Amino acid sequence: MFDYQSHFQTAVEALKTERRYRVFADLERQVGRFPRAIYRREGEERDITIWCSNDYLGMGQHEKVVSALQETAGRMGAGAGGTRNISGTNRPLVELEGELADLHGKQAALVFTSGFVSNEAGISTIARLLPDCLILSDQLNHASMIEGVRRAGTHKQIWRHNDLDHLEELLKAAGPDRAKLIVFESVYSMDGDIAPIEKIADLADRYGAMTYIDEVHAVGMYGPRGAGICERDGVMDRIDVIEGTLAKAFGTLGGYITGKSALIDAVRSYAPGFIFTTALPPGLAAAACASIRHLKQSSSEREAQQRQAAVTKEKLREAGLPLMPSDTHIVPVLVGDPEVCKAASDRLLDKHGIYIQPINYPTVPRGTERLRITPSPFHDDALIGELIGALVETWQALDLPLEGPTTTEHVNRRAELFAASGG
């Protein structure tokens, strides 16, 4: 008889051998104390500070957001009660899609249960509906986008990260009459760099391609109303599909796509990942609405977050820690080895009460393992000081160099490592 359990155990052990096994932290976030949390392990609990949350603005604890969730759940119940087609289209969800369409200046929006699903279903459905579609995907696209490309089953080509010359070469070779879909991100979440959106839109116009952008790590964070980098740069109207999440800067749960009515209706009608899943609960939809409405009107959270991110970067540089280049709120610190990266994360948590999850392969290329820090408006200067002291102590304890690579050296080394990893 086949030994099923042994096979699964071997698969897990392989991850441990490669230093790719993920260990989850049991955390209890507390409203009013963010970024503080209770950490539980082996029957013990302690206070820690979270430095790697994707709740970038702390909106998950905002009074308006929590109140909307509680009030709506008390009035309408916990769940949606069905798929969107079978009784699950609740009023807060309809209002949420209206808010999202308005946020991005589009005709319509469609909400999914997660950002992963919105990318997977959105990209694959759009590409399948287009005849002989060629998908042109940025080399560093998120796993959800890669899965969407794969599930489309159409021809694909990978263009070198943010390389406009390479993208144009591929577009030109495809010819003007073929359907083409360019898929890319605005903010790349592991390095914190930004796509040249306007120039990509120029190429799309020149060669007759559609554009699909993932603004997951930018919505809520950039632009006068928090619509993302496209809004900040004044190019929302030049992008065909803007995808985002409700689970990061907006502090709740869910993903979405926005675009012209016909396109959104086509995805709504054809995407299995949308059709055959239960709708977002009304309480969560109402909470997301409250968060979006607040951030459309208030820029104080964004301004405070950008200020604290800048201070964190400055203090890291002053301490000689290997800060990787970043144009955004993402603050990556290079370690370069999976085992040492895990050891650094463990020491920060065990000795200093600071939680920063290690980022290892396959999330990033081998040799670029890092600690990914995400300061929020609530990480004040005192907490930043504690972080820097803990990182310096950890670097010294693990015998890590305190002088990081220059920008040019890092970029060149990163390109070499990515190519060697088969990326």
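Numbers at a glance
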{"item": "Per-residue SASA entry for Cys52, accessible area with 1.4 Å probe, Å² rounded to 10", "result": "30 Å²"}
{"item": "About the Cα centre, charge dipole magnitude for the chain (Lys/Arg +1, Asp/Glu -1 at Cβ), debye", "result": "800 debye"}
{"item": "Amide H within-cut-off set for Thr83, under 5 Å, with H built and near neighbours excluded", "result": "Gly88, Ala279"}
{"item": "Average projected area [Cα convex hull, the chain], square nanometres", "result": "22.5 nm²"}
{"item": "Vicinal HN-Hα couplings computed from phi for the stretch 186-196 (Karplus, 6.51 cos²θ - 1.76 cosθ + 1.60; Hz; Gly/Pro x)", "result": "8, 10, 8, 6, 8, 10, x, 8, 10, 6, x"}
{"item": "Accessible area per residue, Å², the stretch 1-100 with all protein chains present, probe 1.4 Å", "result": "65 Å²"}
{"item": "Antiparallel bridges, percent of DSSP beta bridges restricted to the chain (to nearest 5)", "result": "60 percent"}
{"item": "HN-Hα J in Hz across the stretch 375-391 - Karplus 6.51, -1.76, 1.60, θ = phi - 60°, x for Gly and Pro", "result": "x, 10, x, 8, 8, 6, 4, 5, 5, 4, x, 4, 4, 4, x, 5, 5"}
{"item": "Cα centroid separation, the stretch 217-237 to the stretch 273-299 (Å)", "result": "18 Å"}
{"item": "Residue-normalised accessible area of the stretch 219-338, given per residue in Å² at a 1.4 Å probe", "result": "35 Å²"}
{"item": "With all protein chains modelled, accessible area of Ile146 [1.4 Å, Å²]", "result": "90 Å²"}
{"item": "For the stretch 337-381: rounded, prolate or oblate by the Cα gyration tensor [a/c cutoff 1.5]", "result": "oblate"}
{"item": "Contact order relative to length of the chain, as percent, for alpha carbon pairs under 8 angstrom and 6 or more apart", "result": "20 percent"}
{"item": "Prolate/oblate/rounded label for the stretch 117-200 (Cα gyration tensor, a/c 1.5)", "result": "oblate"}
{"item": "Qualifying chymotrypsin sites (Phe, Trp or Tyr not before Pro) in the stretch 263-319, DSSP loop, other Cβ atoms within 10 Å at most 12", "result": "Phe276"}
{"item": "Under 5 Å, built H, 5+ apart or other chain: amide partners of Leu134", "result": "Ala179, Lys180, Leu181"}
{"item": "Sulfur and carbon atoms: percent of accessible area, the chain [1.4 Å]", "result": "51 percent"}
{"item": "Relative contact order (%) - the stretch 58-158, alpha-carbon pairs under 8 angstrom, separation at least six", "result": "18 percent"}
{"item": "From phi via Karplus (6.51, -1.76, 1.60), per-residue ³J(HN,Hα) for the stretch 13-28 in Hz, x at Gly/Pro", "result": "4, 4, 5, 5, 5, 7, 6, 10, 6, 8, 10, 8, 9, 7, 10, 10"}
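The values are calculated or read from the model by the stated rules, or taken from the named source; none is laboratory data. Predicted model, so just to flag it, every value in this text is computed and none were measured. Backbone-built Cβ (ideal geometry, glycine too); neighbour counts: all protein chains shown. Note: accessible area is taken over every heavy atom of the protein model, side chains too, but ligands, DNA and RNA are not part of it. Shrake-Rupley method; radii C 1.70, N 1.55, O 1.52, S 1.80 Å.
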